[in-house]
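Shown next, in C-alpha cells, is the structure this report addresses.
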Amino acid sequence: MTALAEMFLSAGSGQVVEALANVRMLAREDKLASAMEEAYFALQSAPTYLPLHLEIGELLLREGRVGDAVVKFILIADLYTLRGEAAQANQLLRRILQAAPMDMGIRIRLIDSLVAQGAVDEALQQSVELAQIHYQLADLDKARLTYSNALRLAQQSKTNRMWSVKILTQVADIDMQRLDLRQAVRVYEQIRTLEPDDPNLRAQLVDLYFRTGQDDQAYDELELVIGLFEKSNKRQEAADFLNRIIPDRATGFSGQCLSGYWR
C-alpha cells in the first residue's frame, strides 16, 4: 500500500497530512522537540499511518537516539512484511543499515529478503559487506564462512564470474593471514580457472607453490605466467616478477631461457 493510499484510508486524512507537513517543516527548522510533539499528537487520530511513524524514526535519528530509531524502523519493517510489501520493508532495512551499519542481524535479514525476491546481486553485495564486518572484528572464521555462503549464492547471478573472482580473492587473503597456505593454493587454483589470462593472479600462485614446497608445479606455472606477460607485452613486469620470485631458484628453472628478462 502506498503512502497516498494510506492517507485516504486514514481517519481524518486531511488533518493527518497537514500535521505531517507541519512536522516536516518544524524538522527543517531544527525544532525537533516541537516536531516530535506534533507527530505524537497526530498519531492519536491516525495511529496506523506509517508515514508518521517513519517521520518519528527520522526525528529520533536527528536527536542522536539511534537505538530508539532502529527499534521504530524495525517495527515498521515488520508491518510492511506482514502486509506483503517486501520492497518497502527492504527499504526500511537499508535505512536501518545506514544508521547502524554494524547491525549484522538486520543485514542478514535484508540478505534473506533480497534472495527471496530474486535480487541476487544486491544480496551478494550485502553478503560481502557482512563478511567485511566479521573481518574488521578479526573473526576470520565467520568472515570466511560468510564469503563461502556468498560464493554459493553467486551461482545464481548473471555476473557469476565477476562475483566469484572477487569473493575467492578475499577468501584467499583470509587463508594467507591464517597461514593456511595449502588452502590458499586451492583457492587460487579456482581463481585461475575463472581468470586464466591474468598474469598477476597466476604469479601469486607461483609464489604459493614455491612457499608450500611444490616446486615442480611452480616451475610449470612460471612458464605459463611468463608467456602471459609476453602476450600482454609486459616484458618489464615479467623481469620484475622473475627478480622478485626466483633469484635463488633460477638454476631449477628448465624452461625457456631467462637471460632475456634478467637485469
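The values are calculated or read from the model by the stated rules, or taken from the named source; none is laboratory data. Note that the structure is predicted; figures quoted are calculated from it, not measured. FYI the Cβ positions are ideal-geometry reconstructions off the backbone, even for glycines, and counts take in every protein chain you see. Note: accessible area is taken over every heavy atom of the protein model, side chains too, but ligands, DNA and RNA are not part of it. Shrake-Rupley method; radii C 1.70, N 1.55, O 1.52, S 1.80 Å.
Residues in the range 78-96 that are surrounded by 19 or more Cβ atoms within 10 Å (Cβ to Cβ) and either touching a residue at least 60 places away in the same chain (Cβ under 8 Å) or over 21 Å from Arg24 (Cα atoms) (or both): Tyr80, Ala89, Asn90, Leu93.
Every listed requirement among (1) touching an Asp or Glu at 6+ places or on another chain (Cβ under 9 Å); (2) farther than 30 Å from Glu122 by Cβ; (3) at pLDDT 90 or above; (4) not aromatic (Phe, Trp, Tyr) is met by Asp180 save one, (1).
There is at least one residue in the range 139-157 that is open to solvent by less than 40 Å² (accessible area, probe 1.4 Å) and either touching a residue at least 60 places away in the same chain (Cβ under 8 Å) or assigned to a loop (DSSP other than H, G, I, E, B) (or both).
Taking first residues from the range 18-33 that are closer than 20 Å to Arg65 by Cα and partners that are polar (S, T, N, Q) and part of a helix (DSSP H, G or I), the Cβ contacts under 8 Å between residues at least 6 apart in sequence or on separate chains come to Leu26/Ser34.
Looking only at residues that are in a loop (DSSP other than H, G, I, E, B) and modelled with pLDDT of 90 or more in the range 32-77, which one is surrounded by the fewest Cβ atoms within 10 Å (Cβ to Cβ)?
Residue satisfying both the conditions and the ranking: Gly64.
In the range 199-223, the residue that is modelled with the lowest pLDDT out of those that are open to solvent by 50 Å² or more (accessible area, probe 1.4 Å) and under 33 Å from the mean Cα position of the chain (by Cα) is Asn200. Against the conditions (1) at pLDDT below 80; (2) among the hydroxyl-bearing types (Ser, Thr, Tyr); (3) crowded, with 19+ Cβ neighbours inside 10 Å, where does Ser259 fall short? Just the number, please. Of everything listed in (1) at pLDDT below 80; (2) among the hydroxyl-bearing types (Ser, Thr, Tyr); (3) crowded, with 19+ Cβ neighbours inside 10 Å, Ser259 misses just condition (3).
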